[in-house]
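Chemist: Sharing a structure, written as structure tokens. Questions coming.
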Amino acid sequence: MLLLLVGTVGVGAAPRLDNNLKCVDLSDLVEPLPLRAVASRLILKQSEDWEASSYKNPRWPKGGHRSLGYPTVVKNVHGQDPDGRYYLYYAHHDPMSGIGCAVAKSIAGPYVKLADLPGSKRKHSRVLTVPNYRASGPNPDDPSHFSSPCVVWNAKEKLWFMYFHYFNHFHGAWTADAKSPGEGWQMTALATCADLAKNNWTIWKTPRPSKVSVWDIVPVLPTTDAAWMKSASSYHAIQRLPTGQWLAFMRGTPTRHPGPTVGFASSRDGRNWMNLAGNPLIAPGKPWTKPAREYRPAFIGWLGGKKYLVAWSEHSGPRVIYSTTTDFETFQRDPRGYAHWPGPDGLVSPWREGNRLYLFAGNQLHELALPVRKK
């Protein structure tokens, strides 16, 4: 049993979970979560050079693969000098992506990139930049990138935690090192920030130069010796459950096909993690999955007590399925079938306001009307 992961919220708990912890409060639903969105709209458009893929693209910033999205949204109501605005962090899937930021006064937007804010003197909207990025033109053969941000508030440290993945140029040394699990091609890192309005993010690094992780980055969620996440540990959705437990909803990539599957890890502090037994738990052959070559984490919601909604996507053209669980070991698949809003390649960042659930997915925002109890 995953005893650390289950439990109920105490009697004195707040009536609504903090959205900035990323486990969205759905405890007052009187019917299943709707499959259809009442509205969908584009929230991100490519407008800055770094947002274009440079890989094998001599015409950069023109041409190349377009994959801008991978959003995560928080509201700046914690930390130093909170301004009450919504901060959307984003990236793309290709070299030389960094992590960008856009800001809005309301959850529905519009989201304005940092460089486009009134009075801004910034030349770009990145808050994290790959160290070997060149604004004059990146090396088209360099696979370096930062991507898939997930921002969560850490009340104990009074810091914003940003999880993101990086390409590890030292993967050969990582694989050869007996102390380093898996192959280490792509792994998940951690950056912290005390003041979102200033957006000064500090990447957690090793105290001494690392020979196995590029730029001395500490991989908080590294690859594993287990086949399901031997090649890459990336595109994870991180949240804190109402019990206080940190939960990583992870996408693992094997060395060979068929493709990514999904598992979980737990933590008490958001820095030190333990993979759960039985991973990957969302994979081919499970009673709660359909045959597919690719599975991806989407989002998690709290349904009250020990019950959670767990949403993931299946297939290369991602289709989102809802499920329920009380132990993160077994899942009850939604018999209604797939959601009718399009699933993204990365995580889905949920946000609840009133009877509306806002789902940030790819470069779009989907709005669901929630069937909830009347007060």
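Chemist: Between 100, 159, 339, whose Cα lies farthest towards the positive end of the dipole of the chain when Lys and Arg beta carbons carry +1 and Asp and Glu beta carbons carry -1, centred on the Cα centre?
Modeler: 339
Chemist: In whole Å, how far is the Cα centre of region 96-130 from that of region 134-191?
Modeler: Each part's Cα centre sits 21 Å from the other's.
Chemist: Related question: List, in the order given, every pair from 75/156; 62/205; 156/211; 22/156; 113/156 whose Cα-Cα distance in the structure shown is over 22 Å.
Modeler: 62/205; 156/211; 113/156
Chemist: What dipole magnitude, in Debye to the nearest 20, does the chain give about its Cα centre under +1 on Lys/Arg Cβ and -1 on Asp/Glu Cβ?
Modeler: Working: 45 positive and 28 negative charges, 99 e Å.
Charge dipole, the chain, about its Cα centre: 480 debye, nearest 20.
Chemist: Under 1.5 on a/c is rounded, so check that first for region 165-314, then, if it is not, pick prolate when a/b is larger than b/c and oblate when it is not; a ≥ b ≥ c are the square roots of the alpha carbon gyration tensor eigenvalues. Before the final figure, lay out each step's value.
Modeler: Numbers: a/c = 2.08, a/b = 1.17, b/c = 1.77.
Here region 165-314 falls in the oblate category.
Chemist: Another one. Listed highest first by mean packing, meaning other Cβ atoms within 10 Å per residue, what order do 71-78, 208-215, 123-130 come in? Display every interim value, and only then the final one.
Modeler: On the way: 71-78: 22.1, 208-215: 16.2, 123-130: 19.5.
Sorting 71-78, 208-215, 123-130 by mean packing, highest first, produces 71-78, 123-130, 208-215.
Chemist: How big is region 307-366 by Rg and Dmax over its Cα atoms, in Å?
Modeler: 12.1, 33
Chemist: While we're here: With the contact rule set at Cα under 8 Å and sequence spacing of 6 or more, what percent relative contact order holds for the chain? List each step's numbers first, then the result.
Modeler: Details: 987 pairs, mean separation 71.7, N = 375.
Normalised by residue count, the contact order of the chain is 19 percent.
Chemist: For the peptides 271-278, 236-243, 321-328, what is the packing order when you average, over each peptide's residues, the other Cβ atoms within 10 Å and list the highest mean first? If you can, show how the numbers build up before the last one.
Modeler: Values: 271-278: 15.0, 236-243: 23.5, 321-328: 19.1.
Top to bottom by mean Cβ count within 10 Å: 236-243, 321-328, 271-278.
Chemist: With only alpha-carbon atoms counted, please give the Rg and Dmax of the chain, in Å.
Modeler: For the chain, the Cα-based Rg and Dmax read 19.6, 60 Å.
Every number in this text was worked out from the coordinates using simple rules, so none of it is lab data. Bear in mind that the values here come from a model prediction, so they are computed numbers and not experimental data. Here Cβ is always computed from backbone atoms with ideal geometry, including for glycine, and neighbour counts include all displayed protein chains.
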